[in-house]
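The values are calculated or read from the model by the stated rules, or taken from the named source; none is laboratory data. Since the model is a prediction, treat every value here as computed from it, not as a measurement. Glycine also receives a Cβ, built like all others from the backbone with ideal geometry; neighbour counts cover every protein chain displayed. Areas reflect the complete protein model, heavy atoms only, side chains present, ligands, DNA and RNA absent. Shrake-Rupley method; radii C 1.70, N 1.55, O 1.52, S 1.80 Å.
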Amino acid sequence: MGLSAAAAGDGTQLCVFDLRRGQQEGQELDKILFFHPADCPILLQLSVIGLCEGIVTFTRIFSPEEDCEVIESEKRSHVFYQAEPDIWMVLVVEKTKDNESNWRCGALQGILKEAHSLFTMFHGPIRTLLDRQPSAELARGHLRTFLTDYLSDFHVGKKIQFPTYRDSLKERGTIQMLTVPREVALEVQSLTTVLGSCLGNVTCQSLILFEDLLVSTTLPPDDTLNLYTYAVLRLTPRALSSNASSWSYLRKGTSVSAGPTSSSSNGTTAGERYHSRSRDTSPDGQNQMHHNFRPLLREKLSKGKDGFVAADFAATEVRGAVPLTPIIWFQQAEERMYLCIYQHKSLTILLLIPASSLINGEEGIAHVKKQMLENASQKIVTVEQKLTRGWGGENAYHVSGYRYLLVDPDRRVSRASPPGKVTTLAKDSLLALNRLRQEVDLEKSRYRRSDPSHDKDFEVCIRTKNNAWVIAKITRGRELYMALEKGGETLLYASTAVEKFSNRYCEGAFSTD
């Protein structure tokens, strides 16, 4: 099948395959680990994966050190991501005649990276699952449920709608921080200290969010990003607003803990560390890998009357199943931890308890939660009140006259104009900004190949219709994207606007002086 062959359903396909499997004639199906849509004919699945495998093999001839990232055809875009050594994820999206299919391939690849990072945080590296069960039944089962639940976020009616040009001022794979004054920062630090001591001599880790913004973390950057991403997708008040339940951590019953977990995509090394730290010969440890563990299923999450979010992750076919406390794997911390979620109004606290320190499982977790309520409740109320008083609402980071996106890739932090303000931009401005970001992505990719140890500084200003300007500026690795409408006709206007913004909101990081 060629690049222009017809696709099933709405033209969107997502596949995961292993190049080390199915190399013998007649065993080609064995390499397929996941394929969406699930009802796609087997011959078409084989054809799509055969084509993708051929592209990967062919491009390696010319660039053995560089992975294939995207192949464009007249009707489709094929976006590639090597999640782990020889395990590939490929997203195929169909182009339409309207501009709604005008996406940025870097954003689509970000979806694949995010999906894999979240998967490994909960289930471990795919290669580890394959090594544990060579038949791949376990890996396929987890991938099928997890990726299906993940894709549900992109469903619009019966179709899947991925980010388009309208999302040009968003950056997936970054954290959005809440800026707080020194007085409040000291209160947050005090709360973090109390949370860390909930298990006595063993230090617990924590993340604190206000609305969808990160306030505090004690985890390393990669682990923080993965857990923050999950929190914004499923755990914050905004994510839970449609789910109401009376589950409580005091509810009685027997349970088993959720599956061993991992993070990120460093392949064999991460897998070895995960495997060496996740051996468990207890009945619970043996069972947890085989439950229908679905951390992205929205109806599995609900806030209880005590403020704790119950994660009803047990398989529905298990009689008497009760909410479980999931265990997740942090690659940088190199530790498995229980995840407990607590909410007070707009404040979300993710408390992480080292799994190796709890002998009694759920009973021990109940004790830790009780200690947290006794020791930290008043501090939680105080922090939430002070953050609420200083919060400017969803338009807190709006800058009049500017529509912008600030990205710090090294820190994995971003800040952007509120979505409601971005929608006021003209379609032509958004399309121009999207095209500019595509060119910047290509330029960054070329420069990384030629000189991976240094970042390239550059600036692009483009005048579009009705005296609008779209701007991209990269300085010492930090990135600024901007759209200005109803502006002046000269380049001086655009450069002056960037200077003013940089000096006032970025501490001069993008100034020419």
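Remarks
- When restricted to residues that are open to solvent by less than 80 Å² (accessible area, probe 1.4 Å) and without any contact (Cβ under 8 Å) to a residue 12 or more places away in the chain, the stretch 491-508 contains 2.
- Residue among 477, 393 that alone is out of contact with any Leu (no Cβ under 8 Å at 6 or more places or on another chain) and free of Cβ contacts under 8 Å to residues at least 60 places away in the same chain: 393
- For residue 106, the test of being in the same structural domain as residue 159 (by TED's automatic domain parsing), within 27 Å of the chain's Cα centre (by Cα) and not in a loop (DSSP other than H, G, I, E, B) is passed.
- Output for the stretch 164-193, where each listed residue is touching a residue at least 12 places away in the same chain (Cβ under 8 Å), more than 24 Å from residue 17 (Cβ to Cβ) and in a loop (DSSP other than H, G, I, E, B): 164, 168, 169, 170, 171, 174, 176, 178, 180, 181
- Any hit, the stretch 440-463, residues being open to solvent by 50 Å² or more (accessible area, probe 1.4 Å), part of a helix (DSSP H, G or I) and of a type in the set (Gly, Ala, Ser): yes
- Candidates 416, 432, filtered to the one that is touching a residue at least 60 places away in the same chain (Cβ under 8 Å), buried (at least 18 other Cβ atoms within 10 Å of the Cβ) and of a type in the set (Gly, Ala, Ser): 416
- Enumeration of residues in the stretch 326-357 that are open to solvent by 10 Å² or more (accessible area, probe 1.4 Å), modelled with pLDDT under 90 and under 21 Å from the mean Cα position of the chain (by Cα): 331, 332, 333, 334, 335
- Among the residues of the stretch 56-95, just one is buried (at least 21 other Cβ atoms within 10 Å of the Cβ) and either of a type in the set (Gly, Ala, Ser) or outside the structural domain of residue 19 (by TED's automatic domain parsing) (or both), namely 83.
- Conditions (1) buried (at least 17 other Cβ atoms within 10 Å of the Cβ); (2) assigned to a helix (DSSP H, G or I); (3) in contact (Cβ under 8 Å) with a residue 40 or more places away in the chain: number failed by residue 47: (1)
- Of the criteria (1) touching a strand residue (DSSP E or B) at 6+ places or on another chain (Cβ under 8 Å); (2) farther than 19 Å from residue 37 by Cβ; (3) modelled with pLDDT of 95 or more, which one residue 105 fails: (3)
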